[in-house]
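The values are calculated or read from the model by the stated rules, or taken from the named source; none is laboratory data. In this text the structure is predicted, and so the values were computed from the model without any measurement. Here the Cβ is made from the backbone with ideal geometry for all residues, glycine too, and neighbour counts use every protein chain on show.
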Amino acid sequence: MSNIEPCELPANALLRKYTEGAYADCYATEVACPVARADYVEAFYTTGVFKLERLILDWLVSKPSTDDEARQLAAGTRDTFAAWIVEEQTSDQLLLREISGRTRSWLMVATIGHGDRAGGTRLYFGSAVVPVADPRTGKTTLGFTFRALLGFHKLYSRVLLHAARSRLLRGHRETG
């Protein structure tokens, strides 16, 4: 997964509004082919890794989801998917809010190069965790659970992006 790197959020990232007072991260990788946002979103949410997360969500919070629903989300014809609700989307980005309102997931595609040199795509994936008020102190906090799972979250984010990248490249080779 050496081709997955942590990076700054792009200036136009929809996730940027969650950088003040919250935890936000961003990972990126590149592919040497054009990738539409819809193709990236579909690939991301239909990988084997993410299907496991979907099973866990079905079991834990009774929020089942299917590959067809992932395709509808990718196409922009669905505004809910598993435990997420579309918060905002553009032609190159998708920002989802988890049903508790504490976390956000964000995907973005950006064309690499210009004119005759265009053709590759930079794939971004990021997350945000919004703090809550500690009932004992009144201070906002991200909470013990988040802090305890942060290392896993960072690794898992890279695994998810790697799986989506691999799926897109496999599809490109099959159709290209």
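Checking the conditions here, which among 61, 86, 129 is of a type in the set (Val, Ile, Thr), touching a strand residue (DSSP E or B) at 6+ places or on another chain (Cβ under 9 Å), surrounded by fewer than 16 Cβ atoms within 10 Å (Cβ to Cβ) and over 21 Å from residue 165 (Cα atoms)?
Result of the check over 61, 86, 129: 86.
Of all residues in region 153-164, count the ones that are crowded, with 20+ Cβ neighbours inside 10 Å and more than 12 Å from the chain's Cα centre (by Cα). Working first, answer last.
Looking only at region 153-164, we keep the residues that are crowded, with 20+ Cβ neighbours inside 10 Å, and these are 160-161, 164.
With the extra rule that they be more than 12 Å from the chain's Cα centre (by Cα), the set shrinks to none.
Qualifying residue count for the region: 0.
Write out, first by first residue and then by second, each pair whose Cβ atoms fall under 7 Å of each other, whose residues are 6+ apart or on separate chains, and whose first residue, in region 1-29, is among the acidic types (Asp, Glu) while the second is buried (at least 17 other Cβ atoms within 10 Å of the Cβ).
Taking only residues 6 or more apart or on different chains, the pairs are 5/27; 5/28; 8/26; 25/126; 25/127; 25/157.
Restricting to region 99-140, name every residue that is farther than 24 Å from residue 13 by Cα and of a type in the set (Val, Ile, Thr).
Result: 137, 140.
Which members of region 32-56 meet the condition of being buried (at least 20 other Cβ atoms within 10 Å of the Cβ) and more than 13 Å from the chain's Cα centre (by Cα)?
35, 54
With the checklist (1) over 27 Å from residue 5 (Cβ atoms); (2) part of a helix (DSSP H, G or I) in hand, flag the one item residue 65 doesn't pass.
So the condition that residue 65 fails would be (2).
Could you grab me the full set of residues in region 94-145 that are over 27 Å from residue 77 (Cα atoms) and either of a type in the set (D, E, K, R) or modelled with pLDDT of 95 or more (or both)?
116, 117, 134, 136, 139
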